[in-house]
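Student: Here it is, the structure in full.
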Amino acid sequence: MNYGFDGKVALVTGAGSGIGRASAIGFAASGARVIVSDVNETGGTETVEMIRAAGGAAVFQNCDVSEADQVKALVARAVSEYGGLDFAHNNAGINSMMANEYDDDVWAKSLGVNLTGVMLCMREESEVMLKAGKGAIVNTSSINGLVGNGAQPGYVATKHGVVGLTRHGALRWAQQGVRVNAVCPGVVETGMTAPLAANPEMRKVLDSMTPMGRMGRPEEIASAVLWLCSDQASFVTGHALVIDGGATAV
Ligand code: NAD
């Protein structure tokens, strides 16, 4: 679907892979010029090449979202390259599946990327959007932003925090033309889940985690991100949209 984003500028973090790549491609396919951002330069550059090969416009900006100065430079790039910022998908995130998140370093890293990263992005993006009096921000949380899991304190706490930040931003800027929403994916087939899904037995477990009996596709999350940014969602703000094949319906 084309959301009619001609002339608009979109920024996506964690766009070198998975959900972020799908949303960057989706924004471009709807006509937006896209700032593709990631710490993974190879993945990010590939996303830019995919967008350009399809006739879209995009540039890559390396950015570690947990670093304030890099996030400032990222948003400044949107303004210098394309003249402003209409949409932001704050999507970069990590899931320390194999690590103990009660370890100090792992905990700090989870907070830095998953939660502080979203706050830093919102802080810089909102400044540009408020000046223009318009904009839409979508943060990637998770179903673990709404329900717990017994294995990952860092992931669960940071993803709940992202939903909190989303509601805060929505209320803070509700009368200034800036909407803030979150997407809460269930299990999706991306770089994050690839190490587990590579094992056929584990793949069966992942598929069986949703009532639909399969993992989600990155495009199925991206389409919700695009809709939330579009004028079709003009009265939607502060919402945490679950996209999980029914996993949290049980
Ligand atoms: P992915 O690993 O394919 O993509 C994540 C991207 O973020 C990677 O390209 C990575 O290089 C980048 N990244 C990591 N740390 C970064 C940092 N400090 N700064 C900038 N970029 C960084 O995984 P994905 O599944 O596409 O993840 C995207 C988002 O979706 C994450 O926030 C994740 O928590 C969330 N999510 C994923 C699933 C799932 O099942 N895949 C489910 C719920 C939520």
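Student: Expressed as a rounded percentage, what relative contact order does the chain have, with Cα pairs under 8 Å and six or more residues apart?
Tutor: Reported relative contact order: 19 percent.
Student: Take the Cα atoms of the chain, build their convex hull, and give its volume per residue in Å³.
Tutor: 119 Å³
Student: Given all pairs of different Cα atoms, what value in angstroms does the Kirkwood hydrodynamic radius of the range 103-249 take?
Tutor: Working: mean 1/r = 0.0619 Å⁻¹.
Evaluated on the range 103-249, it is 16.2 Å.
Student: Here's something else I'd like to know. Using a probe radius of 1.4 Å on heavy atoms only, what accessible surface per residue do you get for the range 177-231? Whole Å² is fine.
Tutor: 45 Å²
Student: Using helices alone, what [θ] at 222 nm do you get for the chain, with -39,500 (n - 2.57) per DSSP H run of 4 or more residues, divided over all residues and rounded to the nearest 500?
Tutor: Counting only the DSSP helices, I get -13500 deg cm²/dmol.
Student: What is the count of Lys pairs in the range 9-241 whose alpha carbons sit under 21 Å apart, if the two are 8 or more places apart or on different chains?
Tutor: Lysine pairs meeting the criterion: 4.
Student: Compute, for the chain, the length of the dipole vector about the Cα centre, with Cβ point charges of +1 (Lys, Arg) and -1 (Asp, Glu) only. Units Debye, rounded to 20.
Tutor: In total the dipole reaches around 640 debye.
Student: Would you please put 48-56, 138-146, 9-17 in order of how densely packed they are, using the mean number of other Cβ atoms within 10 angstrom per residue and starting with the highest?
Tutor: Those peptides, ordered most packed to least, come out 9-17, 138-146, 48-56.
Student: While we're on this one: Which whole-Hz couplings ³J(HN,Hα) result when phi for each residue of the range 92-103 is put into the Karplus expression 6.51 cos²θ - 1.76 cosθ + 1.60, θ = phi - 60°, listed in order with x for Gly and Pro?
Tutor: Once rounded to whole Hz, the list reads 4, x, 10, 10, 7, 3, 8, 9, 8, 6, 7, 5.
Student: For the chain, take the longest principal axis of its alpha carbons; what is the angle in degrees between that and the long axis of helix 117-132, to the nearest 10 within 0 to 90?
Tutor: Taking the Cα atoms of the chain, the angle to 117-132 is about 20 degrees.
Student: Determine the share of the chain's accessible area contributed by carbon and sulfur atoms, expressed in whole percent, with a 1.4 angstrom probe.
Tutor: Reported share for carbon and sulfur atoms: 55 percent.
Student: For Ala73 and Gln176 in the same chain, what is the full-extension length gain: residue separation times 0.36 nm, less their Cα-Cα distance, in nm?
Tutor: 34.7 nm
Student: Kirkwood hydrodynamic radius, the range 25-90, all distinct C-alpha pairs: what's the number in Å?
Tutor: Values: mean 1/r = 0.0833 Å⁻¹.
Computed over the range 25-90, the radius equals 12.0 Å.
Student: Separation between the Met50 and Asn149 pseudo-spin-labels, each 7 Å from Cα along Cα→Cβ, expressed in nm?
Tutor: Using points 7 Å along Cα→Cβ, the separation is 2.3 nm.
Student: Tilt of helix 18-29 relative to the longest C-alpha principal axis of the chain, in degrees (0 to 90, nearest 10)?
Tutor: 30 degrees
Student: Can you compute the charge dipole magnitude of the range 1-124 about its Cα centre, using +1 on each Lys and Arg Cβ and -1 on each Asp and Glu Cβ, nothing else charged? Give it in debye, rounded to the nearest 20.
Tutor: 520 debye
Student: Taking the Cα centroid of the range 26-45 and of the range 200-250, what is the distance between the two, rounded to the nearest whole Å?
Tutor: Here the answer is 21 Å between Cα centres.
Student: Next question. With axes computed from alpha carbons, what is the tilt in degrees of helix 68-82 against the longest principal axis of the chain, rounded to the nearest 10 within 0 to 90?
Tutor: Computed tilt is about 50 degrees.
Student: When the gyration tensor of the range 1-147 is built from Cα positions, what are the square roots of 5 times its three eigenvalues, in whole Å, from largest to smallest?
Tutor: 25, 17, 14
The values are calculated or read from the model by the stated rules, or taken from the named source; none is laboratory data. Because the structure is predicted, anything quoted here is derived from the model rather than measured. Cβ coordinates were reconstructed from backbone atoms using ideal geometry, including for glycine residues, and neighbour counts include every protein chain displayed. Side chains included, ligands, DNA and RNA excluded: accessible areas come from the protein's heavy atoms. Shrake-Rupley method; radii C 1.70, N 1.55, O 1.52, S 1.80 Å.
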